[in-house]
1. Between residues in region 179-207 that are touching a residue at least 60 places away in the same chain (Cβ under 8 Å) and residues that are within 14 Å of the ligand (Cβ to nearest atom) and among the charged types (D, E, K, R), which pairs lie under 6 Å by C-beta distance while being six or more apart or on different chains?
2. From the list 181, 92, which residue is closer than 26 Å to residue 57 by Cβ and over 21 Å from the mean Cα position of the chain (by Cα)?
3. Among the residues of region 11-23, are any more than 16 Å from the ligand (Cβ to nearest atom), buried (at least 17 other Cβ atoms within 10 Å of the Cβ) and modelled with pLDDT of 95 or more?
4. Return yes or no: is residue 35 in the same structural domain as residue 83 (by TED's automatic domain parsing), more than 16 Å from the ligand (Cβ to nearest atom) and closer than 23 Å to residue 216 by Cα?
5. Condition first: of a type in the set (D, E, K, R) and touching a residue at least 24 places away in the same chain (Cβ under 8 Å). Now tell me which residues in region 38-91 satisfy that.
6. Looking only at region 215-230, decide whether some residue is free of Cβ contacts under 8 Å to residues at least 24 places away in the same chain and crowded, with 19+ Cβ neighbours inside 10 Å.
7. Please find, within region 51-110, the residue that is surrounded by the most Cβ atoms within 10 Å (Cβ to Cβ) out of those that are acidic (Asp, Glu) and within 16 Å of the ligand (Cβ to nearest atom).
8. Can you confirm whether region 187-196 contains a residue that is buried (at least 17 other Cβ atoms within 10 Å of the Cβ), modelled with pLDDT under 95 and touching a Ser or Thr at 6+ places or on another chain (Cβ under 6 Å)?
Amino acid sequence: MPDRYAVMGHPIAHSKSPFIHRRFAAETGEPVAYEAIHVEPGDFRTAVERFRAAGGCGLNVTIPFKEEAYALAGRRSERADRAGSVNTLWFEGTEVCGDNTDGFGLVRDLTRNLAIDIEARSVLLLGAGGAARGVVGPLLDGLPQRLVIANRTMSRAVDLARHFANQGPVSAVALGALAAEPFDMVVNATAASLAGDLPPLPPGTLRTGGVAYDTAYAAQPTPFVRWGEAQGAAVATDGLGMLVEQAAEAFRIWRRMEPRTRSVIDALRAHLAS
Ligand code: NDP
C-alpha cells in the first residue's frame, strides 16, 4: 500500500498538486499516493483528523485554510511562524507538524531556475495577503537593497512591513500611491491575475531589463506577465516554477528526498497549454 498524501482546499478541482506529486513519486520511486480533497469552510479540522485516522501521512493546504492549518499544527517550523501560515502538514506520533514552503518555492525558482540574484536589488512586492506574507521573510534572506510592500489596503501592507521590520530593509506603501520609480524586481502576490486584472502600476515601476514575477500562473501569460514584457523586463514569468518548487520542498519534508523539478515544470507547462 502506498503512503497517502493529499491537498485540501476550497475550491480544489483546479489544483495542480496531484499532477506534481504523482510525477515526483514516479521519478523518485517513492510509494506515494496523492489526491485532492475538497473541504467545506468550517470543516478543515475534522477533515484533517479524518484523513489522519484513515492512515494519511501528510497534507498540502491551500486557500482558504492556511491560517487554520497554522493554528492546528502543534509543532511548527520557523518558516511557518515567520509566515503565520502553514501549507504543509505531516504527522509524527500524536503530533501535527506544520511548515510553510511557499517563500522557499519562490526564492528557489528565482535563484536556481531563473538564475536571478536578489542581493542588493530593489524589490517591490505587490499584495499583503497569505502569499505575500509567506514570501517576505525568504526574500529578505536574499539581502535585497530594499523591499517595498504595496497593497490596495494600505493598513495590511503597513502591518506586514512592521512584522518583518527587524529582519531587513522593508517598508510599506499604498498600491495607489506608488511613485514612478524603477525597481529591479516586481513580484506580484496579489490575487488580481486570478480575475484577469492588473494591479494599478505607474509607468516606470520596473526598470528596463528588470524582473517581473507573477506568483499566479495560467496557460496564457497573465496580465502582469504581459505588463512586464511591455516594460522591457529581461525576465517576465508566472509562478508555475514557484508552485513546483514549493511542492518539491513539501515532498522533501515528507519523504526526506529531493525530487528533480525541471522536467516537472516543463511537463506542467505543457499540461496547462493542452
Ligand atoms: P489573499 O486572498 O490572501 O490575498 C490577496 C491579495 O491580493 C491582497 O493583498 C489583496 O489586497 C490583493 N488583491 C486582490 N485583488 C486585487 C486587485 N484586483 N488589485 C490589487 N490587489 C488585489 O490571496 P493569496 O495571498 O493566498 O494569493 C495571492 C496570489 O498568490 C494568487 O494569485 C495565488 O494564485 C498566488 N499563489 C501562488 C502560489 C504558487 O505556488 N505559485 C502559492 C500561493 C499563492 P487587499 O488586501 O486590499 O484585499
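1. From residues that are touching a residue at least 60 places away in the same chain (Cβ under 8 Å), the pairs are 188/214.
2. Values: 181 fails: closer than 26 Å to residue 57 by Cβ.
None of the others qualify; the one that does is 92.
3. Our first condition is that a residue be more than 16 Å from the ligand (Cβ to nearest atom); within region 11-23, this holds for 22.
With buried (at least 17 other Cβ atoms within 10 Å of the Cβ) added as a condition, the list becomes none.
No.
4. Values: in the same structural domain as residue 83 (by TED's automatic domain parsing): yes; more than 16 Å from the ligand (Cβ to nearest atom): yes; closer than 23 Å to residue 216 by Cα: yes.
Considered against the rule, which asks whether it is in the same structural domain as residue 83 (by TED's automatic domain parsing), more than 16 Å from the ligand (Cβ to nearest atom) and closer than 23 Å to residue 216 by Cα, residue 35 comes out as yes.
5. So in region 38-91, the residues of a type in the set (D, E, K, R) come out as 40, 43, 45, 49-50, 52, 66-68, 75-76, 78-79, 81-82.
Listed by number, the residues that qualify are 40, 45, 52, 66, 67, 68, 79, 82.
6. yes
7. Our first condition is that a residue be acidic (Asp, Glu); within region 51-110, this holds for 67-68, 78, 81, 92, 95, 99, 102, 109.
This time we only want the ones that are within 16 Å of the ligand (Cβ to nearest atom), so: 67-68, 99, 102, 109.
Details: 67: 16, 68: 19, 99: 24, 102: 31, 109: 24.
Checking each candidate, the answer is 102.
8. Taking every residue of region 187-196 in turn, at least one turns out to be buried (at least 17 other Cβ atoms within 10 Å of the Cβ), modelled with pLDDT under 95 and touching a Ser or Thr at 6+ places or on another chain (Cβ under 6 Å).
The values are calculated or read from the model by the stated rules, or taken from the named source; none is laboratory data. Given the structure is predicted, the values throughout are model-derived calculations rather than measurements. Quick reminder, even Gly has a Cβ in these numbers, built from the backbone with ideal geometry, and neighbours come from all protein chains shown.
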